[in-house]
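A short write-up of the structure that comes next.
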Amino acid sequence: MSRAHALPESLIGRPFAVADAYAAGVPRSRLRASDLISPTRGVRVERTSATRPPVDETASTRMARLRDDLIRRAEHFAPALAPGQFFSHETGLALLGAPLPYTHARERALHVSSRRPSGQPRREGVTGHRLQQREPAPWRARGLPIEHPARLWRQVGALWRLDDLIAAAEYLIHPDRRLIAASDLRAEIDEAGDVRRGILARALAEVRTGAETAEETTLRLALVRAGLPEPELNWELRDANGRFIARLDLAYTRYRVAVEHDGRTHAFDEAQFARDADRWDEIQALGWVHVRILSHHLRPDPQRAVDRVAAALTRAGWRPGRL
């Protein structure tokens, strides 16, 4: 059906409830026009052009696409949320920007929850949960209602691997984000009385404050589990005059070894790549060994990353069993 009338300005550029459209005077026939789609019952949003994933899509870009798709579906579903319903589990974590695990699935599940005595959300395309009654947590992310971040972390405890839980926790407690503290996660573990309690406690024991990306967390865990010393995270390197040189992903200050995960995000930005190269030179000029870890050093087998860092530490005087 062709487009008959322009939508009210208040409904343009966002998903909207059919009831709101009726209240704004939009006729039923307009809501059946071909320029609108229905992401879920009782909701409309303007149709956009579909884009196909590139044939040479990498694992990292695929994960980013699936995250963006999940956030888009949550935004489109939001007008259908009943009072007391909210986004939970990994959907809530995605809305907060937390790292999500790798998946082979074609799309990520959209998790919507309510608390007793309300009923379980039941809609096509939604994984609904009816949670135990607790004090409401009035949190929002990207303008959408979500569960408390510590509770989100607990909810994925039965679904995620240990290292994915560690990476998410380190994101949530990072001081710059001011979301929650490690004590909030500990309190949530104490609240858990099910199978999740064990893996959550194990995860929290390996959580450190300061990691800025999931890749930094993965790298640190690989090094420490291989018996290498525990590094300082995002340590600021300054020269003798106190001038800031660099923030090092992982720093072994005793041995003057700097380890950084280089995801090549600046590889195609010539000016930024030049600044990075100058920074690497300055780090080395101060007597530090600079070890760059690329993605292929870390995945699928992190042993190459471990060997590169161990070799640098050994040349600097470290021996196994020494901090």
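The values are calculated or read from the model by the stated rules, or taken from the named source; none is laboratory data. Note that the structure is predicted; figures quoted are calculated from it, not measured. Quick reminder, even Gly has a Cβ in these numbers, built from the backbone with ideal geometry, and neighbours come from all protein chains shown.
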*Taking residue 79 as the residue in question, decide whether it is of a type outside the set (A, V, I, L, M) and in a loop (DSSP other than H, G, I, E, B).*
no
*Qualifying residue in segment 218-231 (condition: among the polar types (S, T, N, Q) and within 30 Å of residue 283 (Cα to Cα))*: yes
*Can you tell me which residues in segment 1-10 are out of contact with any Ser or Thr (no Cβ under 8 Å at 6 or more places or on another chain) and either loosely packed, with under 15 Cβ neighbours inside 10 Å or modelled with pLDDT of 95 or more (or both)?*
5, 6, 8, 9, 10
*Any idea which of 168, 137, 158 is buried (at least 22 other Cβ atoms within 10 Å of the Cβ) and either within 17 Å of the chain's Cα centre (by Cα) or modelled with pLDDT under 95 (or both)?*
168
*Provide a single number: the residues in segment 304-323 that are closer than 28 Å to residue 60 by Cβ, without any contact (Cβ under 8 Å) to a residue 40 or more places away in the chain and out of contact with any strand residue (DSSP E or B) (no Cβ under 9 Å at 6 or more places or on another chain).*
1
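Rundown of residues vs (1) free of Cβ contacts under 8 Å to residues at least 60 places away in the same chain; (2) out of contact with any Leu (no Cβ under 6 Å at 6 or more places or on another chain); (3) more than 14 Å from residue 155 (Cα to Cα), yes/no style:
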| site | (1), (2), (3) |
| --- | --- |
| 86 | no, yes, no |
| 94 | yes, no, no |
| 99 | no, yes, yes |
| 102 | yes, yes, yes |
| 109 | yes, yes, no |
| 113 | yes, no, no |
| 127 | yes, yes, no |
| 133 | yes, yes, yes |
*Could you please let me know if residue 311 is in the same structural domain as residue 249 (by TED's automatic domain parsing) and either loosely packed, with under 12 Cβ neighbours inside 10 Å or under 28 Å from the mean Cα position of the chain (by Cα) (or both)?*
no
